[in-house]
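Okay, so here's the structure we're looking at.
The values are calculated or read from the model by the stated rules, or taken from the named source; none is laboratory data. None of these values were measured; they are calculated from a predicted model. Cβ placement follows ideal geometry from the backbone for every residue including glycine, while neighbour counts extend to all protein chains displayed.
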Amino acid sequence: MKRTVIKSTGRYVPPRVVTNDDLAKWMDTSDEWIRQRTGIEQRHWIPEEGGVGSSDLALEATKIALDRAGWTPADIDLIIFATLSPDIFFPGPGCLLQHKLGLNSTPALDIRQQCTGFIYGLATADAYIRSGLANRILLACAEVHSTGLDISTRGRDVAVIFGDGAGVVCVEGIETDQDVGVLASSLHANGEFAKSLMVEAAASRLNPRISEEMLREGRQYPVMDGKTIFKEAVRSLPDVSREVLQKAGLSLEDIDLFIPHQANMRINQFFQQSLKVPEDKVFHNIQRYGNTTAASIPIALDEALEMNIVGDGSTVIFLALGAGLTWGAVLMRLGG
Ligand SMILES: CC(C)(COP(=O)(O)OP(=O)(O)OC[C@H]1O[C@@H](n2cnc3c(N)ncnc32)[C@H](O)[C@@H]1OP(=O)(O)O)[C@@H](O)C(=O)NCCC(=O)NCCS
């Protein structure tokens, strides 16, 4: 039977570290407030002068993942790129990454789905593989948030949360009788909450798409109804975990590690308490990276593998909720 496995992982974050104290120089905030409300201690941002796009971060993580998989770029059948912060408005970073890899005809599919980008990307890769449309897929997830944040006090509720980074996985279809790879996935969306977390401009529905007045109003920056996002996350994430467990015919005790999107440490602690699973079964690294949106889960997986918290044979659930709203989970047995 055809199974979709993760053959390798890679991560890359830009070297510039921005601490909570650094942020307090630009806006009215404090290390204590940020740690207490989010768990974040620092994040990585690209150089202040810019010049680094999501596809550049993804390229660095891709080199590591390809090397570990023993693949060359020519082995890739399809690139799936998940981001909410493309290098430019269009074309999407999938094409830019493809070119940087020295390829000139490999298909590249860009997806949005924000914090749920990795989950949607992995479920899509699984569907491509099972249908026979592709067998070796590079799933690249990368974000450059720092150039799009309002780092004045006006934007402090959002700006303190986000970090830049990339996480990449090489996904492959294998023929096996073993119960490995993607065992179940569930995807959801509810556009009713689109305004709860969004960047409005530049917007094709506005004419002009952006104006001096809009820039003054800060409509080019993300706005977030943090309380709604928090409430929806703590409600949906336990539900979608139970959903994939039921689909796979497994129970909570079968799961070695939950790797949730790193949006806020408190959301993930609520999740852990709600499912009544031991603390050490829920992975956290938001302290060091902040919320890297689509990249957070593959970065976390890469670290969990490096730390030997999981390995071949481990059963994991990846799960996320983000702007859209979108949410979902993928249950996987690693290895194969
Ligand atoms: C953003 C979040 C940390 C804010 O925490 P909160 O407890 O809801 O805080 P509130 O928005 O009620 O703000 C409380 C106070 O802190 C202030 N505040 C907001 N951001 C602040 C900051 N960075 N530093 C200091 N104070 C801040 C607010 O202005 C408010 O002040 P007031 O009481 O004088 O009006 C929280 O809502 C959250 O994490 N939500 C989920 C967000 C998320 O996951 N986003 C990513 C989705 S993928």
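Can you run down the residue pairs with Cβ atoms below 8 Å, 6 or more apart or on separate chains, where the first is in the range 320-331 and within 16 Å of Cys141 (Cβ to Cβ) and more than 10 Å from the ligand (Cβ to nearest atom) and the partner is among the aliphatic types (A, V, I, L, M) and modelled with pLDDT under 95?
Once the first residue is within 16 Å of Cys141 (Cβ to Cβ) and more than 10 Å from the ligand (Cβ to nearest atom) and sits in the range 320-331, no partner that is among the aliphatic types (A, V, I, L, M) and modelled with pLDDT under 95 comes close enough.
Per-residue answers, yes or no, for (1) under 23 Å from Asp179 (Cβ atoms); (2) in contact (Cβ under 8 Å) with a residue 40 or more places away in the chain; (3) surrounded by fewer than 19 Cβ atoms within 10 Å (Cβ to Cβ):
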| site | (1), (2), (3) |
| --- | --- |
| Gly218 | no, yes, yes |
| Ile229 | no, yes, no |
| Ala233 | no, yes, no |
| Ser236 | no, yes, no |
| Arg242 | yes, no, yes |
| Gly249 | yes, no, yes |
| Asn264 | no, yes, no |
| Ser274 | no, yes, yes |
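Give me the residue from the range 156-187 that is away from the ligand (no atom under 16 Å from the Cβ) and among the acidic types (Asp, Glu) and, out of that set, nearest to Arg333 (Cα to Cα).
In the first step, residues of the range 156-187 are kept if they are away from the ligand (no atom under 16 Å from the Cβ); the result is 166, 168-186.
If we keep only those that are among the acidic types (Asp, Glu) as well, we get 172, 175, 177, 179.
Working: Glu172: 14, Glu175: 15, Asp177: 13, Asp179: 7 Å.
Applying the filter and picking the extreme gives Asp179.
Run Val277 past the list (1) among the β-branched types (Val, Ile, Thr); (2) within 16 Å of the ligand (Cβ to nearest atom); (3) assigned to a loop (DSSP other than H, G, I, E, B) and report the number of the one that doesn't hold.
Condition (2) is where Val277 drops out.
In the range 75-89, what residues are touching a strand residue (DSSP E or B) at 6+ places or on another chain (Cβ under 9 Å) and either surrounded by 16 or more Cβ atoms within 10 Å (Cβ to Cβ) or over 18 Å from Glu172 (Cβ atoms) (or both)?
Result: Ile76, Asp77, Leu78, Ile79, Ile80, Phe81, Ala82, Thr83, Leu84, Ser85, Pro86.
Between Phe283, Phe258, which is touching a Ser or Thr at 6+ places or on another chain (Cβ under 8 Å), away from the ligand (no atom under 16 Å from the Cβ) and not charged (D, E, K, R)?
On the way: Phe283 fails: touching a Ser or Thr at 6+ places or on another chain (Cβ under 8 Å).
On inspection, the qualifying residue turns out to be Phe258.
Give just the number: which of (1) assigned to a helix (DSSP H, G or I); (2) of a type outside the set (Ser, Thr, Tyr); (3) under 24 Å from Ala202 (Cβ atoms) does Val52 not satisfy?
If we test Val52 against (1) assigned to a helix (DSSP H, G or I); (2) of a type outside the set (Ser, Thr, Tyr); (3) under 24 Å from Ala202 (Cβ atoms), just (1) comes out false.
Taking Glu172 and the conditions (1) touching a residue at least 24 places away in the same chain (Cβ under 8 Å); (2) in a loop (DSSP other than H, G, I, E, B); (3) of a type in the set (Asp, Glu), which numbered condition does it fall short on, given that it satisfies the others?
(2)
Of all residues being within 15 Å of the ligand (Cβ to nearest atom) and part of a loop (DSSP other than H, G, I, E, B) in the range 129-155, which is surrounded by the fewest Cβ atoms within 10 Å (Cβ to Cβ)? Just the residue, please. Lay out the reasoning, then the answer.
Let us first name the residues in the range 129-155 that are within 15 Å of the ligand (Cβ to nearest atom), namely 141, 143, 145, 148-155.
Now drop any that are not part of a loop (DSSP other than H, G, I, E, B), which leaves 145, 149-152.
Details: His145: 24, Leu149: 18, Asp150: 17, Ile151: 19, Ser152: 13.
Among those that are within 15 Å of the ligand (Cβ to nearest atom) and part of a loop (DSSP other than H, G, I, E, B), it is Ser152.
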